[in-house]
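Scroll down for the structure; my scribbles are underneath it.
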Amino acid sequence: MNFIAIIPARYASSRFPGKPLADIMGKPMIQHVYERASRVFEHCCVATDDKRIADAVEGFGGIAVMTSTEHRSGTDRCAEALMHYEQHTGITFDVVVNVQGDEPFISDEHLVSLREAFNDPVADIATLAYPMGADDDIFNPNSPKITVSRNGYALYFSRSVIPYMRGVEQTEWAARHTYLKHIGIYGYRAATLREITALPQGELERMESLEQLRWLENDYRIKVCRVSAETVGIDTPEDLERLRAKLSKQVGNM
């Protein structure tokens, strides 16, 4: 199978404008993501709607694909970038891996897990889950949870705690059950990616503000791969400063 990693990156983030270009250890954030994705996938590109990001990517030797400013999600941006990349190269891809542009230290484990999920011929889409531990806040609505079938397919995603434990004090839930936190990185069969970006928004998606519920509502099979660690996402300038402080401390202890 032919795989391509596409990294959607936009400049106009409401919480952190210019985030893909933020400096981390002498490199823009997007370069860290690109270099890690390129370790696992032969074909990799950044899908952006901003020339500043495209110039930065091309400056470190990467491939940038310009896309519309009208996209509402990274999934939509990936679909357009795939079309342009295939037209430009003449290569037809079987699977697209959507790598978040704000996770500069994404691990090989995460990317390899997504790639290997498509050894399952039934999987239309693949994503990742992290078994939450005793120190994780299972009630945090900003950390969506997943329930998974016996064969490893997503049953439901929710900002609520799922499953609900009837007759058990909530303080005991985390100790009684291993809850799965969703890590929002996806792989899609190329045909599936084209189909899902044409679907109208569903009721469940509107209620929970989780686009993957649109895919479940339309009967796509989402393979869930369990991984041993979370990713390090950067949503705000404060997140970046905490990361820089952590990296500086690690360097100082070497």
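The values are calculated or read from the model by the stated rules, or taken from the named source; none is laboratory data. The structure displayed is predicted, hence computed values, not measured ones. Cβ sites come from the backbone with ideal geometry, for glycine too, and all protein chains shown count toward neighbours.
For region 148-177, the tally of residues that are touching a residue at least 24 places away in the same chain (Cβ under 8 Å), over 28 Å from SER73 (Cβ atoms) and surrounded by 11 or more Cβ atoms within 10 Å (Cβ to Cβ) stands at 3. Among the residues of region 112-151, those that are among the small types (Gly, Ala, Ser), outside any strand (DSSP E or B) and closer than 21 Å to ILE196 by Cα comprise ALA117, ALA123.
Scanning region 46-92 for residues that are exposed (fewer than 15 other Cβ atoms within 10 Å of the Cβ) and among the small types (Gly, Ala, Ser) turns up GLY59, GLY61, SER68, SER73, GLY90. Reported count of residues in region 77-90, each being touching a residue at least 40 places away in the same chain (Cβ under 8 Å) and touching a strand residue (DSSP E or B) at 6+ places or on another chain (Cβ under 7 Å), is 5.
Among residues of region 202-230 that are more than 14 Å from LEU155 (Cα to Cα) and among the charged types (D, E, K, R), those with a Cβ under 6 angstrom from a residue that is at pLDDT 95 or above and surrounded by fewer than 18 Cβ atoms within 10 Å (Cβ to Cβ), sequence gap 6+ or separate chain, pair up as GLU208/ARG159.
Close Cβ contacts (under 7 Å, 6 or more residues apart or on different chains) running from residues in region 93-106 that are within 9 Å of ARG189 (Cα to Cα) and surrounded by fewer than 22 Cβ atoms within 10 Å (Cβ to Cβ) to residues that are at pLDDT below 95 and not hydroxyl-bearing (Ser, Thr, Tyr) comprise ASP94/MET1.
Please verify whether region 53-66 includes one or more residues that are closer than 27 Å to PRO121 by Cβ and more than 17 Å from the chain's Cα centre (by Cα). So far as region 53-66 goes, no, none of its residues is closer than 27 Å to PRO121 by Cβ and more than 17 Å from the chain's Cα centre (by Cα).
Specify which of the listed residues (GLU58, GLU70) is outside the structural domain of ARG214 (by TED's automatic domain parsing) and either under 30 Å from ILE222 (Cα atoms) or of a type in the set (Gly, Ala, Ser) (or both). That would be GLU70, the only listed residue that is outside the structural domain of ARG214 (by TED's automatic domain parsing) and either under 30 Å from ILE222 (Cα atoms) or of a type in the set (Gly, Ala, Ser) (or both). Evaluated against (1) closer than 30 Å to LYS246 by Cα; (2) loosely packed, with under 14 Cβ neighbours inside 10 Å, ARG206 falls short on exactly one condition, (1).
Keeping to region 212-254, report how many residues are modelled with pLDDT of 95 or more and either under 18 Å from the mean Cα position of the chain (by Cα) or in a loop (DSSP other than H, G, I, E, B) (or both). The total comes to 15.
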